Amino acid sequence: MEGGFGIPYPPEDVAVWAPKTFGADVFAARIAGPDTRVWIGETADGVARGYAVAGPCQLPHPEASTEDGELRMLYVARAAQGTGLGARLFDAAIGWLERSGPRRLWLGVWSGNDKAQHFYAARGFATVGAYQYAVGNWRDDEFIMRRG
């Protein structure tokens, strides 16, 4: 199976990972959580085209703390890329994270997603580390970026 970035994830790994990451019950818990927010970008007729998730930092970096904020997910469907939806979702999530006052903001981004890395760098984020993100038994190389 090809992922959104052309990563050839083994189907058995996706079968384990996807429900734990994108299942309806998982998103319901995120939405209901007191310290996490979810934004959904949709078309005028209600078709979801992207989403963002933000909350306390959970990244594996020695300087990261749950007192810090993290943009945990930001995805935009291919059909909606270039429309400004990603920037609007980003701005909403970062704005929400900043409401509690100045603090460090973090995010993780796939090492092969140059477009996203440039987008984040243009908004003040710098690469400060790396880790491997598990998709089942598959491991993606991810960069850790921080602002502040």
(message) Would you confirm whether or not region 10-32 contains a residue that is aliphatic (A, V, I, L, M), at negative phi and loosely packed, with under 11 Cβ neighbours inside 10 Å?
(response) yes
(request) For Arg146, state whether it is at pLDDT below 95 and of a type in the set (Lys, Arg). (result) no
(request) Could you pull out the residue among Val135, Val53 that is modelled with pLDDT under 95 and either under 14 Å from the mean Cα position of the chain (by Cα) or surrounded by 15 or more Cβ atoms within 10 Å (Cβ to Cβ) (or both)? (result) Val135
(message) So, Ala64, is that one of a type outside the set (Val, Ile, Thr), buried (at least 21 other Cβ atoms within 10 Å of the Cβ) and modelled with pLDDT of 95 or more or not?
(response) no
(message) Residues to consider are Glu98, Glu67, Glu42; find the one that is out of contact with any Cys (no Cβ under 7 Å at 6 or more places or on another chain), acidic (Asp, Glu) and within 21 Å of Gly129 (Cβ to Cβ).
(response) Glu67
(request) Filter the strands (runs of 3 or more DSSP E) completely within region 57-148 down to those with at least 2 residues that are touching a residue at least 12 places away in the same chain (Cβ under 8 Å), basic (Lys, Arg) and under 24 Å from Asp13 (Cβ atoms). (result) none
(request) Kindly list the number of the only condition in (1) hydrophobic (A, V, I, L, M, F, W, C); (2) farther than 16 Å from Arg146 by Cα; (3) under 16 Å from the mean Cα position of the chain (by Cα); (4) surrounded by 15 or more Cβ atoms within 10 Å (Cβ to Cβ) that fails for Met73. (result) (2)
(message) Of the conditions (1) in a loop (DSSP other than H, G, I, E, B); (2) under 26 Å from Thr127 (Cβ atoms); (3) among the aliphatic types (A, V, I, L, M), Ala44 satisfies every one except a single condition; which number is it?
(response) (2)
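The values are calculated or read from the model by the stated rules, or taken from the named source; none is laboratory data. Since this is a predicted model, take the numbers as computed values, not measurements. Virtual Cβ from ideal backbone geometry, glycine too; neighbours counted across all protein chains shown.
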